[in-house]
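The next block holds one structure in the form of structure tokens; read it before the comments.
The values are calculated or read from the model by the stated rules, or taken from the named source; none is laboratory data. Owing to the predicted nature of the structure, the values given are computational and were not obtained by experimental measurement. So basically every Cβ, Gly included, is an ideal-geometry build from the backbone, and we count neighbours across all protein chains shown. The accessibility values were calculated without ligands, DNA or RNA, using every heavy atom of the protein model including side chains. Shrake-Rupley method; radii C 1.70, N 1.55, O 1.52, S 1.80 Å.
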Amino acid sequence: MVVTGGTRGVGAGIARAFVEAGAEVVVCARRPPEVPVEGVEFVPLDLRDPPAVRAFFDGLPRVDVLVNNAGGAPHRLLAETDAERHARVIELNLVAPLTASLAAYEQLRRARGSVVMIGSVSGTRPSPGSAAYGAAKAGLENLARSMAVEWAPDVRVNTLVVGMVRTELSHLYYGDEDGIAAVFRTVPMGRLAEPLDVGRAAVFLASDAAAYVTGAGLLVHGGGERPAFLDAANVNKEKASEQRASEEKASEEKASEAKVNEQKASEEKVNEQKVNEEKEGGETG
């Protein structure tokens, strides 16, 4: 199976989830991963180069699953830059997944495989500061629904509509730890998604457990965003304030727990690396 842009953040979480599920995973991106995911093969590829994309898929012996994850955009108000830059955002987030899907189609059809588009809640609501990105993600979900109809029953096509995810780049969007904790409190589940949350949802959509699911959009957003009018309205304010305080306390507890778990995972990884180094040293000696 192939994950585009699978070298960090959400993409790396998706690749890791498929490895856990026993898949042979290839990730492609312009740059190699700083921290490779064990069991994953990396191939350099610019997804905005259609001939290169076609050559890449033609060189693979089999493709059962394609996860179109590559994408993203910097914060940029519409009037602050030119149309060409906004067009490049749309190219990466909408045209590139179309290019990859078309290039992989014949192999997916032979395998009776599956395409998973990584969409975003930005495509379902106003997205100030990333309007071109939101428009591209809205288009991506519609593309997936049309593709699902055209390619059925040979290839299933679905979308994961992803909310806020905690990655190594979270500070660029949410600020320091206090900012991230404040964002936690806006999510009903009391935390941001982890990349592996998205990855496991992608594994589900690609699996036989979802054999009758195509043309669907699966929300992975922790319950979404609390409507702003609830905080602005002055009806039932006291009751709402108590509920919000309770939610904030629960969110802080979850955030603290997540931080402890993250630290434990990091320590375990360090210990595992030390053990491996000691083993290698022993074998060399």
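Calculate log10 I(q)/I(0) of the range 121-173 for q = 0.20, 0.24, 0.29, 0.31 Å⁻¹, where I(q) comes from the Debye formula with a single equal point scatterer on each Cα and nothing for solvent.
Cα-only, vacuum Debye calculation for the range 121-173: -0.77, -0.92, -1.08, -1.14.
Using modelled backbone amide H atoms (1.01 Å from N, in-plane), which distant-in-sequence or interchain residues come within less than 5 Å of residue 220's amide H?
Residues meeting the amide H criterion: 161, 162, 163.
How many nm is it between the label spots at residue 110 and residue 168, if each spot is 7 Å from the Cα in line with the beta carbon?
3.5
For the range 22-158, take N as its residue count and report Rg(C-alpha) divided by 2.2 N^0.38 Å.
Output field value: 1.09.
Against the empirical 2.2 N^0.38 Å scaling, what ratio does the C-alpha Rg of the chain come to?
For the chain, the normalised Cα radius of gyration is 1.09.
Karplus couplings for the range 116-123 from phi (6.51 cos²θ - 1.76 cosθ + 1.60, θ = phi - 60°), rounded to Hz, Gly and Pro as x?
Using θ = phi - 60°, the values come out as 10, 8, 9, x, 7, 4, 4, x Hz.
For every other residue with a beta carbon closer than 15 angstrom to the beta carbon of residue 161, add +1 if it is Lys or Arg and -1 if Asp or Glu, then tell me the sum.
Local net charge: 0.
Using amide H atoms built in the peptide plane, which far-off residues or other-chain residues are under 5 Å from residue 27 H to H?
Excluding prolines and chain starts, which carry no amide H, the hits are 3, 41, 42, 43.
With a 1.4 Å probe and all protein chains left in place, how much of the accessible area of the range 87-196 comes from carbon and sulfur atoms, in whole percent?
58
For residue 157, what residues show an amide H to amide H distance below 5 Å, using hydrogens built from the backbone and excluding near sequence neighbours?
When sequence neighbours closer than 5 places are left aside, the close amide H contacts are 115, 215.
Could you check the spin-label model distance between residue 177 and residue 60? Points 7 Å from the Cα along Cα→Cβ, value in nm.
Here the modelled spin labels are 4.0 nm apart.
So, in nm, how far is label residue 229 from label residue 91 when the simple model puts each one 7 Å beyond its Cα toward the Cβ?
Distance between the two pseudo-spin positions: 4.1 nm.
Averaged per residue, what accessible surface does the range 3-54 expose to a 1.4 Å probe, in Å²?
Each residue of the range 3-54 exposes 52 Å² on average to a 1.4 Å probe.
Ordered by residue, what ³J(HN,Hα) values in Hz, to whole numbers, does the range 219-228 give under the Karplus form 6.51 cos²θ - 1.76 cosθ + 1.60, where θ = phi - 60° and Gly and Pro are x?
In residue order, the calculated couplings are 6, 10, 9, x, x, x, 10, 5, x, 4 Hz.
What is the packing order of peptides 225-233, 180-188, taking the mean over residues of other C-beta atoms within 10 Å and listing the highest first?
Per-residue mean Cβ counts within 10 Å order the peptides as 180-188, 225-233.
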